[in-house]
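Working notes, beginning with the structure itself.
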Amino acid sequence: MKPQWNLYRKRYLPDEIIYLKDDVILFQDEHQIITSWDTLKPRKDIKRGISAYFMDEGIKISKIFNAKNELVYWYCDIIRTEKNGDSLIFHDLLVDVIVYPDGSVKVADLDELGLLLKKEEIDASFVFDALSLANKLLNIIYDGSFSAYQEIINRFDQSLPL
């Protein structure tokens, strides 16, 4: 069996790499990784989550819960995956999509994408990748295919102790 990966999150605003040492890998193969986690810092609005990294598709979808174990929202990050030895570095491409339990959708952090482009901390290729992947994800949400991704995560959610 393949050893588990060391997982890192690369953010561009702020510029940092975070070792996700406390994330528990529930499943992994060459195309996806499913993890469970608690927030890195205490928060009043959210407590824990289950994330699915769909590496070939450039998206990470997280089911986010509050302290009462109620669904708060589905949080979708646009990512680029970098393999480095036994480590996976998930580059957060800044654009996020939030899907609320009532089905409403919010696109977040486009201002951050623009700011870093203006400051020349990212290039047009980065912006193109982020927007293209976000557009693909939004089409998945709008055409009803997002439920297939939710079902994958829900299978793992139901197997976890509360």
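The values are calculated or read from the model by the stated rules, or taken from the named source; none is laboratory data. The model shown is predicted, which means the values in this text are computed figures rather than measured ones. All Cβ positions, glycine included, derive from the backbone under ideal geometry; neighbour counts span all protein chains shown.
Which ones in the stretch 114-156 are crowded, with 17+ Cβ neighbours inside 10 Å and over 15 Å from GLU57 (Cβ atoms)?
LEU116, ILE122, PHE126, VAL127, PHE156
Pull up the stretch 88-113, narrow it to residues that are farther than 15 Å from LEU133 by Cβ and surrounded by fewer than 14 Cβ atoms within 10 Å (Cβ to Cβ), then point me to the one that is farthest from the chain's Cα centre (by Cα).
Of the stretch 88-113, the ones farther than 15 Å from LEU133 by Cβ are 88-89, 98-106, 111-112.
Keeping just the survivors that are surrounded by fewer than 14 Cβ atoms within 10 Å (Cβ to Cβ) gives 100-104, 106, 111.
Numbers: TYR100: 15, PRO101: 17, ASP102: 20, GLY103: 18, SER104: 18, LYS106: 15, ASP111: 18 Å.
Top of the filtered list is ASP102.
Under 8 Å between Cβ atoms, which residue pairs at least 6 apart in sequence (or on different chains) link something in the stretch 32-46 that is farther than 14 Å from ARG155 by Cβ with a partner that is loosely packed, with under 15 Cβ neighbours inside 10 Å and charged (D, E, K, R)?
Once the first residue is farther than 14 Å from ARG155 by Cβ and sits in the stretch 32-46, its partners that are loosely packed, with under 15 Cβ neighbours inside 10 Å and charged (D, E, K, R) give TRP37/ASP22; ASP38/ASP22; LEU40/ASP22.
Just need a number here: residues in the stretch 93-132 that are over 21 Å from PHE65 (Cα atoms) and in contact with a Lys or Arg (Cβ under 8 Å, 6 or more places away or on another chain).
Matching residues across the stretch 93-132 total 2.
Can you tell me which residue within the stretch 1-17, out of those that are under 21 Å from LEU94 (Cβ atoms) and modelled with pLDDT under 95, is surrounded by the fewest Cβ atoms within 10 Å (Cβ to Cβ)? It would help to see each step written out before you state the result.
Looking only at the stretch 1-17, we keep the residues that are under 21 Å from LEU94 (Cβ atoms), and these are 7-17.
With the extra rule that they be modelled with pLDDT under 95, the set shrinks to 13-14.
On the way: LEU13: 16, PRO14: 5.
Among residues in the stretch 1-17 that are under 21 Å from LEU94 (Cβ atoms) and modelled with pLDDT under 95, the one surrounded by the fewest Cβ atoms within 10 Å (Cβ to Cβ) is PRO14.
Select, from LEU117, LEU138, the only residue that is under 19 Å from the mean Cα position of the chain (by Cα), among the aliphatic types (A, V, I, L, M) and at pLDDT 95 or above. Break it down into steps so the answer makes sense when it comes.
Values: LEU117 fails: under 19 Å from the mean Cα position of the chain (by Cα).
That would be LEU138, the only listed residue that is under 19 Å from the mean Cα position of the chain (by Cα), among the aliphatic types (A, V, I, L, M) and at pLDDT 95 or above.
Could you say which residue among TRP5, TRP74 is over 18 Å from LEU138 (Cβ atoms) and touching a residue at least 60 places away in the same chain (Cβ under 8 Å)? So that I can check it myself, show each step before the final result.
Numbers: TRP74 fails: over 18 Å from LEU138 (Cβ atoms).
Checking each option against the conditions leaves just TRP5.
What strands (runs of 3 or more DSSP E) lie completely within the stretch 1-107 and have 1 or more residues being out of contact with any strand residue (DSSP E or B) (no Cβ under 8 Å at 6 or more places or on another chain)? Before you say what the answer is, go through the steps one by one.
Numbers: elements: 6-12, 15-19, 24-28, 32-38, 48-54, 59-65, 71-84, 87-99.
Ranges flagged: 15-19, 71-84.
Taking the stated definitions as given, is PHE54 within 15 Å of ILE152 (Cβ to Cβ), of a type in the set (Phe, Trp, Tyr) and surrounded by fewer than 16 Cβ atoms within 10 Å (Cβ to Cβ)?
Working: within 15 Å of ILE152 (Cβ to Cβ): yes; of a type in the set (Phe, Trp, Tyr): yes; surrounded by fewer than 16 Cβ atoms within 10 Å (Cβ to Cβ): no.
Judged against the criteria, PHE54 is not a match.
Within the stretch 108-162, can you find the residues that are out of contact with any helix residue (DSSP H, G or I) (no Cβ under 9 Å at 6 or more places or on another chain) and not in a helix (DSSP H, G or I)? Break it down stepwise before answering.
Filtering the stretch 108-162 for residues out of contact with any helix residue (DSSP H, G or I) (no Cβ under 9 Å at 6 or more places or on another chain) gives 108-109, 111-112, 115, 118-120, 125, 128-129, 132-133, 135-136, 138-139, 141-144, 147, 150-162.
Correct list: ALA108, ASP109, LYS119, GLU120, ASP143, GLY144, GLN158, SER159, LEU160, PRO161, LEU162.
Being under 12 Å from the mean Cα position of the chain (by Cα) and under 26 Å from LEU131 (Cβ atoms) narrows it down to one of ILE18, ILE79, ILE50, so name that one.
Values: ILE18 fails: under 12 Å from the mean Cα position of the chain (by Cα); ILE50 fails: under 26 Å from LEU131 (Cβ atoms).
Sole residue among the options that is under 12 Å from the mean Cα position of the chain (by Cα) and under 26 Å from LEU131 (Cβ atoms): ILE79.
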